[in-house]
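> Following this message is one structure expressed as structure tokens.
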Amino acid sequence: MRVVLASKNKHKLVEISKITEKFDMELVLQSELGVDIDVEENGTTFEENSLIKAKAVMEATGLPALADDSGIAVDALNGEPGIYSARYGFDDSLDDWGRLELLLKNTEHVPDGQRQAKFVCVITMITPEGKVIQARGEIHGELLRAPVGENGFGYDPIFYYPPMGKSTAEMTPQEKNGVSHRANALKVFYEKLKEAGYADK
């Protein structure tokens, strides 16, 4: 099944494709189909924003579309940046590294032992027939005080995962694809795909 990934992020395409290979699903970026739309993510939850993106790209391409809405939520900041992770600070001059540094600055006051955080990912697929399949995954850890590791992207260098004793940026792609929020969401998604008859049981 050919599915359009509602994203311009090649990192996401690589990461998701590694996990969806077993789904018999060919993922293509929306840009590869000549679709360049900026979807207004005006939802209030990861679920709403994921659906908004998937629906817009499905309507633009006429193909099943898959969207991933994800972010980091810090307990001491009441769940921020959450759905605004990719726009944290609402400053267009900030890149991924700038947003990471902003989060570190805003959590300087949070003492060790109270720096719990989680990555959240919601995957949504919508078909031209209107079928919606949605799944949520999380990974729980702690916020570091400085970046560690060269792999991954986004906030990975400051997210420490205690069971492995390393940041998600220190993990190999294979390690990360076994425990990440995106991997956990895709595991649930795959089960729902099978139930809906879109994947072999």
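The values are calculated or read from the model by the stated rules, or taken from the named source; none is laboratory data. None of the values given here were measured: they were computed from a predicted structure. In this analysis, Cβ positions are derived from the backbone assuming ideal geometry, glycine residues included, and neighbour counts consider all displayed protein chains.
> What do you reckon, is Glu129 surrounded by 14 or more Cβ atoms within 10 Å (Cβ to Cβ), outside any helix (DSSP H, G or I), among the acidic types (Asp, Glu) and modelled with pLDDT under 95?
no
> Sort out which residues of the range 29-38 are surrounded by fewer than 16 Cβ atoms within 10 Å (Cβ to Cβ) and either in contact with a helix residue (DSSP H, G or I) (Cβ under 7 Å, 6 or more places away or on another chain) or not in a helix (DSSP H, G or I) (or both), and write them in order of number.
Leu33, Gly34, Asp36, Ile37, Asp38
> Shifting gears a bit: Go through the range 87-114 and give me each residue that's closer than 25 Å to Glu48 by Cβ, free of Cβ contacts under 8 Å to residues at least 24 places away in the same chain and not aromatic (Phe, Trp, Tyr).
Scanning the range 87-114 gives Arg87, Gly89, Asp91, Asp92, Leu94, Leu102.
> Can you pull out every residue in the range 138-167 that is in a loop (DSSP other than H, G, I, E, B), of a type outside the set (A, V, I, L, M, F, W, C) and at pLDDT 95 or above?
Of everything in the range 138-167, those that are in a loop (DSSP other than H, G, I, E, B), of a type outside the set (A, V, I, L, M, F, W, C) and at pLDDT 95 or above turn out to be Arg145, Pro147, Gly149, Tyr155, Pro162, Pro163, Gly165.
> What residue, of Ala86, Ala76, is over 18 Å from Ala169 (Cα atoms), out of contact with any Phe, Trp or Tyr (no Cβ under 6 Å at 6 or more places or on another chain) and assigned to a helix (DSSP H, G or I)?
Ala76
> I would also like to ask the following. On the given criteria, is Leu94 surrounded by fewer than 16 Cβ atoms within 10 Å (Cβ to Cβ), over 14 Å from Met125 (Cα atoms) and among the hydrophobic types (A, V, I, L, M, F, W, C)?
yes
> Identify, by number, the condition in (1) part of a loop (DSSP other than H, G, I, E, B); (2) farther than 28 Å from Val148 by Cβ; (3) touching a residue at least 12 places away in the same chain (Cβ under 8 Å) that Ala54 doesn't meet.
Against the list (1) part of a loop (DSSP other than H, G, I, E, B); (2) farther than 28 Å from Val148 by Cβ; (3) touching a residue at least 12 places away in the same chain (Cβ under 8 Å), Ala54 comes up short only on (1).
> If you don't mind, there's one more thing I want to ask. Quick check: anything in the range 42-58 closer than 21 Å to Ala135 by Cα, among the hydroxyl-bearing types (Ser, Thr, Tyr) and buried (at least 18 other Cβ atoms within 10 Å of the Cβ)?
yes
> So, one more: Take the residues in the range 6-28 that are under 16 Å from the mean Cα position of the chain (by Cα) and at pLDDT 85 or above; name whichever of them is surrounded by the fewest Cβ atoms within 10 Å (Cβ to Cβ).
Here the answer is Leu27.
> Please go through the range 59-86 and pick out each residue that is free of Cβ contacts under 8 Å to residues at least 60 places away in the same chain and buried (at least 24 other Cβ atoms within 10 Å of the Cβ).
Once the filter is applied, which keeps residues that are free of Cβ contacts under 8 Å to residues at least 60 places away in the same chain and buried (at least 24 other Cβ atoms within 10 Å of the Cβ), the range 59-86 yields Asp69, Gly71.
> So which residues in the range 168-177 are modelled with pLDDT of 95 or more and either aliphatic (A, V, I, L, M) or in contact with a helix residue (DSSP H, G or I) (Cβ under 6 Å, 6 or more places away or on another chain) (or both), if there are any at all?
Residues satisfying the conditions are Thr168, Ala169, Met171.
> Ok, one more. Since Ala135 meets every condition but one in (1) surrounded by 15 or more Cβ atoms within 10 Å (Cβ to Cβ); (2) in a loop (DSSP other than H, G, I, E, B); (3) of a type in the set (A, V, I, L, M, F, W, C), which condition does it not meet?
(2)
> Is there any pair linking a residue in the range 28-40 that is within 12 Å of Val3 (Cα to Cα) to one that is in a strand (DSSP E or B), with Cβ under 7 Å and at least six apart or on different chains, and which?
Listed pairs, sorted by first residue: Val28/Arg2; Val28/Val4; Val28/Leu5; Leu29/Leu5; Gln30/Val4; Gln30/Leu5; Leu33/Val4.
> Could you check the range 142-173 and list, in sequence order, the residues that are within 16 Å of the chain's Cα centre (by Cα) and small (Gly, Ala, Ser)?
Gly152, Gly154, Ala169
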